[in-house]
1. Cβ-Cβ distance below 8 Å, separation of 6 or more or different chains: which pairs start in the range 55-67 with a residue that is in contact (Cβ under 8 Å) with a residue 12 or more places away in the chain and over 20 Å from PRO13 (Cα atoms) and end on one that is surrounded by 14 or more Cβ atoms within 10 Å (Cβ to Cβ) and aliphatic (A, V, I, L, M)?
2. Can you tell me which residue within the range 72-95, out of those that are modelled with pLDDT under 95 and among the basic types (Lys, Arg), is surrounded by the fewest Cβ atoms within 10 Å (Cβ to Cβ)?
3. Filter the range 46-88 down to residues that are charged (D, E, K, R) and part of a strand (DSSP E or B) and give me whichever is farthest from LEU29 (Cα to Cα).
4. Can you pull out every residue in the range 34-71 that is of a type in the set (Lys, Arg) and more than 12 Å from the chain's Cα centre (by Cα)?
5. Could you check the range 1-50 and list, in sequence order, the residues that are hydroxyl-bearing (Ser, Thr, Tyr) and either modelled with pLDDT of 95 or more or closer than 20 Å to VAL75 by Cα (or both)?
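The values are calculated or read from the model by the stated rules, or taken from the named source; none is laboratory data. Not measured: the values here are computed from a predicted model. So basically every Cβ, Gly included, is an ideal-geometry build from the backbone, and we count neighbours across all protein chains shown.
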Amino acid sequence: MNTDETNPTVSHPYVGMWVTEDGYIRQELLPDGRYDEARGTRRSAYTGSYTVTGDHIDYVDDSGFTATGDVRDGVLYHEHLVLYREDQVPGRDGR
């Protein structure tokens, strides 16, 4: 995985499913440095690679589009999106 960790076989703490509060956008950061983003019923709407440096994430979509994100206080701010860990979405009871 492309991260700032010295051991690439160790999973980064940001790996996993991130979702918008309404659940419409679901972005999974995979342990191999890839991501898969679903929008509504459209699975794999965007796919590509990502690199983590500290709390900053650089994305490169398979089409070549680039984007960035930052994790602050356990929330992922990805361009204009606000994403939460799937089990920590505000207003959801333990999901």
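1. ASP61/ALA67
2. Among those that are modelled with pLDDT under 95 and among the basic types (Lys, Arg), it is ARG95.
3. Taking the range 46-88 first, the residues charged (D, E, K, R) are 55, 58, 61-62, 70, 72-73, 79, 85-87.
Imposing the further condition that a residue be part of a strand (DSSP E or B) reduces the set to 58, 61, 70, 72, 85.
Values: ASP58: 12, ASP61: 13, ASP70: 13, ARG72: 16, ARG85: 11 Å.
Looking at residues that are charged (D, E, K, R) and part of a strand (DSSP E or B), I get ARG72.
4. Here is the first cut: in the range 34-71, the ones of a type in the set (Lys, Arg) are 34, 39, 42-43.
Of everything in the range 34-71, those that are of a type in the set (Lys, Arg) and more than 12 Å from the chain's Cα centre (by Cα) turn out to be ARG39, ARG42, ARG43.
5. Just the residues of the range 1-50 that are hydroxyl-bearing (Ser, Thr, Tyr), to begin with: 3, 6, 9, 11, 14, 20, 24, 35, 41, 44, 46-47, 49-50.
Within the range 1-50, THR3, SER11, TYR14, THR20, TYR24, TYR35, THR41, SER44, TYR46, THR47, SER49, TYR50 meet the criteria.
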